[in-house]
Amino acid sequence: MTTVKLKYDREVLSCTLPEARVVVAEQLPEAPAAEALVRRAMAEPIATPPLAEIIKPGERVAIVTSDITRYSGSEIYLPILVDELNRLGVPDKDIEVIIALGIHRKQTEEEHRKIVGPLYGRIAVYDHECDDPAQLVELGTTAGGIPVQIFRRVVEAERVIVTGTVGFHYFAGFGGGRKGLVPGVASRATCMASHFAVFNPPEIGGKHPLAVTGVLDGNPVHRNLLQAARMVEPDFLLNTVLAPTKEILGVFCGDLEQAHLAGCDMVRELFEVKLEEPVDLAVVSCGGYPKDINFIQAQKALDYGCRAVREGGAIILLAACQDGFGYPTFYDWFRYQDLDEFERALREDYQINGQTAHSVLAKARRFRVILVSEFSDEETCTMGMEKAADLQSALDLVLPDLPAGAKIIAIPDGGMVLPTVVG
């Protein structure tokens, strides 16, 4: 028997599984001193000059950073960035921190405090607006036909620094990099248009085979995001790579694309775990708060975990989702229970959260998914899953139905670790 500890919101749950493999990132380096990592990466940027050769006194600087749903270590690196700007002659009054919300909700005062750390009350902090035309600027149209509208405070700054964290993403390949700008500080229309390439042309149907986790080459969503983000002409990127325990393992600074690619290489090396064959059951924790703050965030762990499970196998997903679904209309899309009808509706009126709902329902049709969360029985069932009151109840539902000698894995950090069957 194997005893496993799994995070759920801010709790740690324990369970005993028969002969289970615990799938974790192996041989993670010891986390170096975070401040030293940040300073070294800033001093040795990839494919750009250092900030001292980019930014001049008198210029207004916008620093874009992630919202509370994507912890990035911002409370560590933002003060270092601001101190460096001060050293270069840029006073606090000429610096703004812009929270990249994409189409997420506004942040609370307490969330702003967590994001900017000791800078709170010292540096102006603004939430991005995706729906207010007065707060958006048209930058033109990409070669791929995407209208690019960006938050005015970013466009009107003389210098733009984009920050965030790199990790796997279930259809853009990887997060971080260009996603800090698009969808980060883009209009709703730009967000939707840039993501629509997740689908094949209508004459083919279905999703593009390369719009998947861990793939950038040939990924049409990545290509759209990068084209749109480049139109902002950002001056500098700072991206972190984090351990499951949130310590900073790597920092990558410099060019929007090249520094991001270096971060992607580190994520792939550290967090892709090879399996020899698919399993019958995967017990998956998103990794606790904020990875399971809402279902739109939590479903990423479901997407990654499914890659380890045989067709028709079972998944237990631990996802508290204290903020509910994560977007007001996400749940409404489950009025479509036929996947073909669902896809047709999305092609007529594409919505990112609708595409996510379609992805969830498709997985629930392929696997038996038991969800431990704060959602009701009805809500869970409508999403195609079975509700369990707690982890032990979920195991009691699944274990009796497994075949003799079933192969079982547990993934404690399902929002970060990507299992890949290579056998």
Exercise for the section: Provide the net charge surrounding I161, with neighbours chosen by a C-beta distance below 11 Å and charges set as Lys +1, Arg +1, Asp -1, Glu -1. Expected result: -2
Problem - Rounded to 5, the percent of DSSP beta bridges in segment 34-269 classed as antiparallel - result: 45
Exercise for the section: Taking a cut-off of 16 Å between Cα atoms, list the lysines near K387, but don't count ones fewer than 8 places away on the same chain. Expected result: K363
Handout entry: segment 173-275, dipole about Cα centre (Lys/Arg Cβ +1, Asp/Glu Cβ -1), debye to the nearest 20
Key = 340
Problem - Where a label projected 7 Å from the Cα of D265 along Cα→Cβ would reach, residues of segment 167-188 with amide N under 17 Å - result: 167, 174, 177
Completion exercise
Beyond 25 Å (Cα-Cα) in this structure, taken from K114/K291; K207/K407; K7/K274, we find K207/K407
Fill in the blank from the handout: When T190, T3, T69, T142 are arranged by how many other beta-carbons sit within 10 Å of their Cβ, fewest first, they go T3, T69, T142, T190
Exercise for the section: List the lysines whose Cα lies under 18 Å from the Cα of K56, skipping any in the same chain that are fewer than 8 positions away. Expected result: K93
Problem - Within the chain, helix-based [θ] at 222 nm, where runs of 4 or more DSSP H residues each add -39,500 (n - 2.57), nearest 500 - result: -8500 deg cm²/dmol
Exercise for the section: Before anything else, pin down the relative contact order of the chain: Cα pairs under 8 Å, at least 6 apart, normalised by residue count, whole percent. Expected result: 20
Practice task
Would you please give the residues with an amide H less than 5 Å from that of V421, counting only those at least 5 places away or on a separate chain, with H modeled from the backbone geometry?
Solution key: L275
Exercise for the section: For segment 220-293 and segment 111-126, compute the distance between their C-alpha centroids and round to whole Å. Expected result: 24
Exercise for the section: Return the loop-located GluC sites (Glu not before Pro) in segment 250-294 (DSSP other than H, G, I, E, B) with at most 13 other Cβ atoms within 10 Å of their own Cβ; answer none if there are none. Expected result: E276
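Each reported figure results from applying straightforward, stated rules to the coordinates on display, with no laboratory input. The structure displayed is predicted, hence computed values, not measured ones. Cβ coordinates were reconstructed from backbone atoms using ideal geometry, including for glycine residues, and neighbour counts include every protein chain displayed.
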